[in-house]
Amino acid sequence: HEQVGVNKFKQFDCVVDYSDHYYYHQSKPNQKSNSHGTMMINNRNTMKRIMKEWEILEKNLPASIFVRVYEGRIDLLRAAIIGASKTPYHNGLFFFDLQFPSDYPNNPPKVYYRSFGLRLNPNLYNSGYVCLSLLNTWGGKGTERWCPDKSTILQVLLSLQGLVLNEKPYYNEPGIKPAWSWESYNADVFALSCKTMLYLMKKPARNFEGFIAAHFRDHASVILKACVAYRNGRVRIGLFDGDALVGSKKKKVNVSKKFKDSMNELYPELYKAFNRIGASVKNLPEKLEDDGDGKPANGIIGKLKRFWEAMTA
């Protein structure tokens, strides 16, 4: 695929190939379609509403959301959301496949999260199931739930970005919490976001191949520096802005061994993947070897240092 810069990639576009779309493969054999596989949406009001949704998206998408709709399947849509800054999802990419039901907008769209089997949010199951009041897949009152006259696909995408992929997703879970604290959960989430990056570069979503490569070429350095800063406790997970120096003298953030081990494993994989797509990473280490202050992470000196820090914290 031809290389494309993120700034040249259209935020909204109509494309042809929907062959890897989740709901294309989920279509029931008895669903009505023509010889080209096009869904036969016979309800004129549904067709008009879908066209209106396209117009709303084309005119109002924020800079961090990209959408593709399909010439031959107007019932299908794919969206890519860039993880927001000051969240454990920052600089990540998150893909959602949507399908308009045949009686749309009487019922909300179906939404599938392309999870790669990872659960990095209480609302996004590793099966791809999306739990959201606006989709009527979770409880809610009034305008929190789908309203045929007022709710839109744009609202769904903004909710996924702002309410789901948020600063402290730990609190999205109303039942048994997924970790012992929101900080601990953010550490798990960031590691899973890094794994998602690797999967996306290995198996990019169709029609987004160039965009995915360009996005990670642009953000590779910041992502790798964030891995170092978080692993070494220099800044709270989610808050790296590209300026947190590895040798900072600020008080360290407590980091679990589990998270350090995950960064030790993921960092070199990310480095290699970013290098393969042409990202500028030559000025960064190929793997993590120490705690960022020039002293070994392991061995007697490292153990004594960690013991003293624990005693004086």
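The values are calculated or read from the model by the stated rules, or taken from the named source; none is laboratory data. Quantities reported herein were computed from a predicted structural model and do not represent experimental measurements. A quick note on method: Cβ atoms are made from the backbone with ideal geometry, for glycine too, and the neighbour counts reach across all protein chains shown. With ligands, DNA and RNA removed, areas are computed over all heavy atoms of the protein, side chains included. Shrake-Rupley method; radii C 1.70, N 1.55, O 1.52, S 1.80 Å.
Residue by residue, here is whether (1) in contact with a Leu (Cβ under 8 Å, 6 or more places away or on another chain); (2) closer than 19 Å to Ile223 by Cα; (3) not acidic (Asp, Glu) holds:
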position: Leu154; (1), (2), (3): yes, no, yes
position: Glu167; (1), (2), (3): no, yes, no
position: Ser181; (1), (2), (3): no, no, yes
position: Lys203; (1), (2), (3): no, no, yes
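Here's the yes/no breakdown for (1) under 30 Å from Gly233 (Cα atoms); (2) at pLDDT 95 or above; (3) open to solvent by less than 50 Å² (accessible area, probe 1.4 Å):
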position	(1), (2), (3)
Thr137	no, no, yes
Glu167	yes, yes, no
Pro174	yes, no, no
Ala179	yes, no, yes
Ala191	yes, yes, yes
Lys195	yes, yes, no
Leu198	yes, yes, yes
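When the stretch 1-25 is filtered for residues that are at pLDDT below 85 and loosely packed, with under 14 Cβ neighbours inside 10 Å, the ones remaining, listed by number, are His1, Glu2, Gln3, Gly5, Asn7, Lys8. Checking Met197, Met201, Met263 one by one, the residue that is of a type in the set (A, V, I, L, M, F, W, C), within 20 Å of the chain's Cα centre (by Cα) and over 22 Å from Pro169 (Cβ atoms) is Met201 and no other. Restricting attention to the stretch 63-83, the residues that are open to solvent by 40 Å² or more (accessible area, probe 1.4 Å) and closer than 21 Å to Val6 by Cα add up to 1. Can you find even one residue in the stretch 142-161 that is over 21 Å from Pro88 (Cα atoms) and aliphatic (A, V, I, L, M)? Within the stretch 142-161, one or more residues are over 21 Å from Pro88 (Cα atoms) and aliphatic (A, V, I, L, M).
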